[in-house]
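Since the structure comes first, as structure tokens, the remarks are kept for the end.
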Amino acid sequence: MTDGPVVLGIETSCDETGVGIVRGSTLLANVIASSMDEHARYGGVVPEVAARAHLEAMNPTLEAALAEAGLGLDEIDAIAVTSGPGLSGALMVGVGAAKALAVATGKPLYAVNHLVGHVGADVLDDDALEYPTIALLVSGGHTSLLLVRDLVGDVELLGETIDDAAGEAFDKVARVLGLPYPGGPQIDRVAKDGDPKAIHFPRGLMQAKDLEKHRYDFSFSGLKTAVARWVERTSDAGEEVPVADVAASFREAVVDVLLTKAFRACADFGIPRLLLGGGVVANARVRQVAAERAEAAGVTLRIPPLSLCTDNGAMIAALGAQLIAAGHAPSGLGFGADSTLPVTEIQVDEGGRAD
Amino acid sequence: MLLAIDTSAGTSVALVEGDLVLAERATEDTMRHAEVIGEMILGVLADAGVSPSSLDSVVAGMGPGPFTGLRVGIAAARAFALGIGAPIIPAVSHDAVAFDAWSAGIRGPLLVVTDARRREVYWSTYELGDEGPARAEGPALCAPGDLPPHSDGQRIDAVQVSAGSLARAERQNRGRGIQEQFSEPLYLRSPDVTMPGARKRVSQ
Ligand SMILES: [Zn+2]
């Protein structure tokens, strides 16, 4: 598709300043400035450090995206921005910039949901996503299982983590193993030479008693503690910690829980489609096991390219373009940053007072 | 004609032509910068009946002020300037308070104090002469008990910073050749982070 509204999307919910531009479902630009390196020495995302970096990166990222798309601001039809969920101080930088840019250029503004944006990234792929679909979104900030009946009209939260996000668990276990931040790629790297069956770590919320109340929820806190305890016991006994086996076994437990619940949702709802999104999708084992299980279960698996899986502005622009195509009115100018915005709120403040 | 934005205390937005404030909107609410900023910019444009394209620069209050709110105004000012293709002019927020005092006829030494949260304050000292205020020291950060002595002058504890006054102060400073080169927010405090110490054991 080469027509449709040209939308500029702004994303600042965590540690990536993202600006993307789409025309309908065609990607024109996707520029990301990450402050990840600044967080590395703290072992996790520091909200104030992230917010400062967003403010510094905002205008340069906007300019870079326009240059990449080869467009001037006058050629943009609308602006979309992440209203939440995310870190509120970080979100506010994007919201403040987006509102001022909308007023300065006279363009309509769409305030959208970050998590639904992750799903929206898939419309930029050549074969458009079919609905309904199950979507598993996993990153350092969120672990959510969604039932998406209609991208712009009907998204339901089936389950989410009740403690740590999966990405956080990777960071914490990496630390236990003396590996640097961010933990995901590090665990992935050392796990290559490990035996995923060497140690059986507990799977959170997977017992029969959890099947009702937490059927689609996740918990990684117990797993993280179990790994730490196992490592301590081993080194207390004067034995060398088999880092590769621990990493592989831990990763296997995370992947197993994530995908078991995702495919369970596919089966429960009779929906043979699963979309993966979020930074943890970069994990090779997640993709591999997902592909195997999808094949076995007859489920169509969709994984957008990595640059559209991690937080980015293009997915926000894509969702904005879909909202416009579906006839949604712009958001008013009165919305704020909502750190706990529920996934059912795909667009915030639609048709809000704008005078 | 220029747009001025300051969110170092509450939120204040103004349209200023020369020394004349054409329109100004403000709230002392220190919790809703992100919510109100768009409507307030649109509001002053409507009040003055001007379009964004007729503006030729944007003045941004760079603080000091509580970070989260301060950033909303700076992000908005920068994005607005980008949107209309105009330059951004950074200004020290306390200068607006000193300018207001000067306009009200106050002369001599002045201490401007604003809330920095966490039991600290931001402060600047000024000498208010007939030509206008000149900042002597600051902006700086300290505990309320450590403020510089000001027994010989006035002290103003400001809860609002006027964007209109900020633009007028900036104009006056420029006219007097008082110009500072800076472009980044005046945080005056490092991010509150604790370096990870030795990892704690989970088992006894
Ligand atoms: Zn995300």
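Just so it is clear, none of the values below were taken in a lab; they were calculated from the coordinates. Source: prediction; values computed, not measured. Cβ atoms come from the backbone with ideal geometry, glycine included; neighbour counts cover every protein chain shown.
I want to confirm something. Restricting to the stretch A:25-40 and keeping residues that are without any contact (Cβ under 8 Å) to a residue 60 or more places away in the chain and over 30 Å from A:ILE324 (Cβ atoms), which single residue is farthest from the other protein chains (Cβ to nearest Cβ)? If we take residues in the stretch A:25-40 being without any contact (Cβ under 8 Å) to a residue 60 or more places away in the chain and over 30 Å from A:ILE324 (Cβ atoms), then A:ASP37 is farthest from the other protein chains (Cβ to nearest Cβ). Between A:ASP150, A:ASP122, the distinction of being among the acidic types (Asp, Glu), touching a helix residue (DSSP H, G or I) at 6+ places or on another chain (Cβ under 9 Å) and either more than 14 Å from chain B (Cβ to nearest Cβ) or closer than 17 Å to A:ASP15 by Cα (or both) belongs to A:ASP122 only. Looking across B:ALA60, B:ALA86, B:ALA23, B:ALA76, one residue alone is within 8 Å of chain A (Cβ to nearest Cβ) and either in contact with a Pro (Cβ under 6 Å, 6 or more places away or on another chain) or over 18 Å from B:ALA158 (Cα atoms) (or both). It is B:ALA76.
Taking the stated definitions as given, is A:GLY278 within 16 Å of the ligand (Cβ to nearest atom), among the small types (Gly, Ala, Ser) and more than 14 Å from chain B (Cβ to nearest Cβ)? Here the answer is yes, as A:GLY278 does meet what is asked.
Scanning the stretch A:257-275 for residues that are assigned to a helix (DSSP H, G or I) and within 16 Å of the ligand (Cβ to nearest atom) yields one hit, A:LEU258. Within the stretch A:225-248, the set of residues being of a type in the set (Asp, Glu) and not in a loop (DSSP other than H, G, I, E, B) comprises A:GLU232, A:ASP236, A:ASP245.
Test of understanding: among B:LEU70, B:LEU111, which residue is buried (at least 21 other Cβ atoms within 10 Å of the Cβ) and closer than 30 Å to A:GLY106 by Cα? Exactly one residue qualifies, and that residue is B:LEU70.
Quick one: how many residues across the stretch A:11-23 are within 14 Å of the ligand (Cβ to nearest atom) and within 14 Å of chain B (Cβ to nearest Cβ)? Number of matching residues: 5. When the residues of the stretch A:295-321 are filtered to those that are touching a Phe, Trp or Tyr at 6+ places or on another chain (Cβ under 8 Å) and more than 26 Å from A:ASN59 (Cβ to Cβ), the one that is nearest to the ligand (Cβ to nearest atom) is A:VAL299.
Being hydrophobic (A, V, I, L, M, F, W, C), under 21 Å from the mean Cα position of the chain (by Cα) and closer than 30 Å to B:VAL50 by Cα holds for only one residue in A:VAL95, A:VAL123, A:VAL138, A:VAL116, and it is A:VAL95. The residue pairs whose first member lies in the stretch A:287-312 and is on the phi < 0 side of the Ramachandran plot and among the small types (Gly, Ala, Ser), whose second member is within 16 Å of the ligand (Cβ to nearest atom) and not in a loop (DSSP other than H, G, I, E, B), and whose beta carbons are closer than 9 Å, counting only pairs six or more residues apart or on different chains, are A:ALA290/A:LEU136; A:ALA290/A:LEU258; A:ALA290/A:LEU276; A:ALA290/A:VAL281; A:SER307/A:ASN30; A:SER307/A:ILE32; A:SER307/A:ALA314.
Among the conditions (1) surrounded by 18 or more Cβ atoms within 10 Å (Cβ to Cβ); (2) away from the ligand (no atom under 16 Å from the Cβ); (3) closer than 30 Å to A:SER235 by Cα, A:HIS200 misses just one, which is (1). Scan the stretch B:119-135 for residues that are touching a residue at least 24 places away in the same chain (Cβ under 8 Å) and surrounded by fewer than 17 Cβ atoms within 10 Å (Cβ to Cβ) and the total you get is 4. Here A:LYS99 meets the list (1) buried (at least 23 other Cβ atoms within 10 Å of the Cβ); (2) part of a strand (DSSP E or B); (3) basic (Lys, Arg) almost entirely, failing just condition (2).
Taken as a whole, the stretch A:332-339 holds at least one residue that is within 17 Å of the chain's Cα centre (by Cα) and in contact (Cβ under 8 Å) with a residue 12 or more places away in the chain. Counting the residues of the stretch A:118-154 that are within 13 Å of the ligand (Cβ to nearest atom), closer than 16 Å to A:THR344 by Cα and part of a loop (DSSP other than H, G, I, E, B) gives 1. On the given criteria, is A:ALA314 in contact with a strand residue (DSSP E or B) (Cβ under 7 Å, 6 or more places away or on another chain) and surrounded by 18 or more Cβ atoms within 10 Å (Cβ to Cβ)? For A:ALA314, the condition - in contact with a strand residue (DSSP E or B) (Cβ under 7 Å, 6 or more places away or on another chain) and surrounded by 18 or more Cβ atoms within 10 Å (Cβ to Cβ) - is met. The lone criterion from (1) surrounded by 15 or more Cβ atoms within 10 Å (Cβ to Cβ); (2) closer than 24 Å to B:VAL13 by Cα left unmet by B:ILE106 is number (2).
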